[in-house]
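**Q** Input: one structure, supplied below.
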Amino acid sequence: MTTQTNTATLTAMMQDARARTLELVSDLTADQLMGPKLDTVNPLRWEIGHVAYFYEFFVLRAHFGKDSVLGELADKLYDSISISHADRWDLPLLSMDDTLGYMAEVKDAVIEGLEADDLDDEARFMAQFGVFHEDMHTEAFLVGPANPGLSDAGAQRRERSCAHRHGGRASKLCGNSGRAV
């Protein structure tokens, strides 16, 4: 089990992970957010909705007893256990604006729940695990060949992301790829 963190640190971790996710997709076109159907990646628009769903399912619903922000639609769109990889491009996904709204509403509700006085260690652990899950998905954005048209923008994103994670030292730590070496 990971070391438990206090609420302020966990909230800062969540906000940092979300800022990184949003930075990586902020300037992509609708076509780039869906990308080609490949066996090795998911559509980015599905991925970011799934990141919010993870927090919603495992923290808001399981530990805080809250209803889904999207009702039954959340499970139908973002449950990676029941939705096959191949089907994720064909789902009636939310618009990008609605996806961003869903992400914000879930994040805000999780942070509000974390501030409760009676928060148990398992809920705190799952929220922290959610941060790790979001970071894992953003790393997949950076290294996955999601769209051939992203090559230049992807390299710039990788450089910015690596610089962010390594205190602005991307040129020494990340090389040309933007990945830590």
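**Q** With the checklist (1) in contact with a helix residue (DSSP H, G or I) (Cβ under 7 Å, 6 or more places away or on another chain); (2) among the aliphatic types (A, V, I, L, M); (3) open to solvent by less than 40 Å² (accessible area, probe 1.4 Å) in hand, flag the one item M96 doesn't pass.
**A** Every condition holds for M96 apart from (3).
**Q** For segment 88-101, which residues satisfy the criterion of being part of a loop (DSSP other than H, G, I, E, B), touching a Leu at 6+ places or on another chain (Cβ under 9 Å) and without any contact (Cβ under 8 Å) to a residue 40 or more places away in the chain?
**A** If the condition is that a residue be part of a loop (DSSP other than H, G, I, E, B), touching a Leu at 6+ places or on another chain (Cβ under 9 Å) and without any contact (Cβ under 8 Å) to a residue 40 or more places away in the chain, then P92 is the only one that fits.
**Q** In segment 127-149, what residues are of a type in the set (A, V, I, L, M, F, W, C), under 15 Å from L44 (Cβ atoms) and either touching a Lys or Arg at 6+ places or on another chain (Cβ under 6 Å) or at pLDDT 55 or above (or both)?
**A** M136, A140, F141, L142, V143
**Q** With (1) touching an Asp or Glu at 6+ places or on another chain (Cβ under 6 Å); (2) in a helix (DSSP H, G or I) as the list, and E23 as the residue in question, which single condition is left unmet?
**A** Condition (1) is where E23 drops out.
**Q** Would you confirm, using the coordinates I've provided, whether R20 is of a type in the set (D, E, K, R) and modelled with pLDDT of 95 or more?
**A** For R20, the condition - of a type in the set (D, E, K, R) and modelled with pLDDT of 95 or more - is not met.
**Q** Which condition breaks for V106 when tested against (1) part of a helix (DSSP H, G or I); (2) out of contact with any Leu (no Cβ under 7 Å at 6 or more places or on another chain)?
**A** Here V106 meets the rest and fails (2).
**Q** Looking only at segment 70-87, how many residues end up being in contact (Cβ under 8 Å) with a residue 40 or more places away in the chain and surrounded by 20 or more Cβ atoms within 10 Å (Cβ to Cβ)?
**A** Residues that pass the stated criteria total 0.
**Q** Just one of (1) farther than 21 Å from T21 by Cα; (2) touching a residue at least 40 places away in the same chain (Cβ under 8 Å) trips up F58, so point out which.
**A** (1)
**Q** Name the one entry in R179, R157, R124 that is within 19 Å of A17 (Cα to Cα), in a loop (DSSP other than H, G, I, E, B) and either open to solvent by less than 40 Å² (accessible area, probe 1.4 Å) or modelled with pLDDT under 80 (or both).
**A** Going through R179, R157, R124 in turn, the sole match is R179.
**Q** Here is a follow-up. Hey, does segment 59-69 have a residue that's open to solvent by 50 Å² or more (accessible area, probe 1.4 Å), under 30 Å from D121 (Cβ atoms), out of contact with any Cys (no Cβ under 8 Å at 6 or more places or on another chain) and not in a loop (DSSP other than H, G, I, E, B)?
**A** For segment 59-69, residues open to solvent by 50 Å² or more (accessible area, probe 1.4 Å), under 30 Å from D121 (Cβ atoms), out of contact with any Cys (no Cβ under 8 Å at 6 or more places or on another chain) and not in a loop (DSSP other than H, G, I, E, B): present.
The values are calculated or read from the model by the stated rules, or taken from the named source; none is laboratory data. Quick caveat: nothing in here was measured; it's all calculated off a predicted structure. Quick reminder, even Gly has a Cβ in these numbers, built from the backbone with ideal geometry, and neighbours come from all protein chains shown. In case anyone asks, the SASA skips ligands and DNA or RNA and just uses the protein heavy atoms, side chains included. Shrake-Rupley method; radii C 1.70, N 1.55, O 1.52, S 1.80 Å.
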